[in-house]
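Working notes, beginning with the structure itself.
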Ligand SMILES: [Cu+2]
């Protein structure tokens, strides 16, 4: 994999890129308001809106369904106002849009990232209420493409249907799935789904370059199941972007909620077997720049999937609120109520919560090394 400059340093254009390191001599003298301002609590919106369209390759088409990103948030002007009691202070960190890092955040998104670019992998298609047993067709053809995954950082990725993560598959338990994969690259690949199915459709057999295969299976059990390439070396094939999530709803669906998918993945830019970037939905710091907007008091359901290679364990931690955990989503009764859920490689969970107060609620893996490398974001309750 090739890559442009090392991503785990903040961009050179960011004058406040010291924080998060040990270079914080003046932190104790800052008031809480100063700290929030320095951290671009509101500035992220202004920065995000002010640097669009300059460079690199759009991550993905912006015509996703159910949006609900920071556009509304920015328009409502709530950026720093409700968090600090002051008007939004505007950008504080230069054109890169990377905040000061006081909250442990070294890797920012590409300046070209638009607030709707991640909608297709953030907001799942709605539960459509069709009777169980229908047939659903998906195309997970594999291509090679370059993707801007962080500031000044472009990777040579492999992508299912052009995106990393791949498309969110959604079916009701008992539905038939037909998943076509045309391998449009020069390497063998495949599609291996988790869950329960005919072993002949398990997807471990490589599909050679230039060939295609259609997997046919029944969606089961209800829950949240990853899919990923299972061609050796798997670490490289997953690490270069061949992964995604499948939501299998129970018949009748789950209670109405604001639904969000967050897939943890990594990018090893220099081939040393370590993740230089750790991202929710493929792009470092995307939800830091563009917080995920939710309605105060509304039920929020997050489909979490850990598809990190190299790092054996990760977690999801939500600040200022606790949540119900449904491990693998395979039960309608929560397994735990907590504010941190650990996820080993391939593990996933559905978490549900309500945010009772207007404000920003940070989320990230509790492994600081992972959060530092771009896996940090916010829910903004408005
Ligand atoms: Cu592959």
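Please treat every number below as a calculation from the coordinates, not as lab data. All figures in this text were calculated on a predicted structure; none of them were measured in a lab. So basically every Cβ, Gly included, is an ideal-geometry build from the backbone, and we count neighbours across all protein chains shown.
With a ≥ b ≥ c taken as the square roots of the eigenvalues of the C-alpha gyration tensor of the stretch 120-163, please select rounded if a/c is under 1.5 and otherwise prolate if a/b is larger than b/c or oblate if it is not? It is oblate, given that a/c is not under 1.5 and a/b is not larger than b/c. The protection proxy used here, the mean number of other Cβ atoms lying within 10 Å of each residue, ranks peptides 234-242, 261-269 as follows, highest first: 261-269, 234-242. In terms of its alpha-carbon gyration tensor, the stretch 220-272 comes out oblate; a/c meets the 1.5 threshold, while b/c is at least as large as a/b.
Rg/Rh for the stretch 130-249 stands at 0.98; both radii use Cα atoms, and Rh follows the Kirkwood definition. When 254, 289, 369, 130 are sorted by how many other C-beta atoms sit within 10 angstrom of their C-beta, beginning with the fewest, the order is 130, 369, 254, 289. With neighbours defined as other Cβ atoms within 10 Å of a residue's Cβ, the residues 204, 158 order from fewest to most as 204, 158. The overall shape of the stretch 248-382 is oblate: from the C-alpha gyration tensor, with semi-axes ordered a ≥ b ≥ c, the ratio a/c is 1.5 or greater and a/b is no larger than b/c. Each of 141, 331, 131 was scored by other Cβ atoms within 10 Å of its Cβ. Listed from fewest to most, they are 131, 331, 141. Centre-to-centre separation between the Cα atoms of the stretch 168-239 and those of the stretch 112-128: 22 Å.
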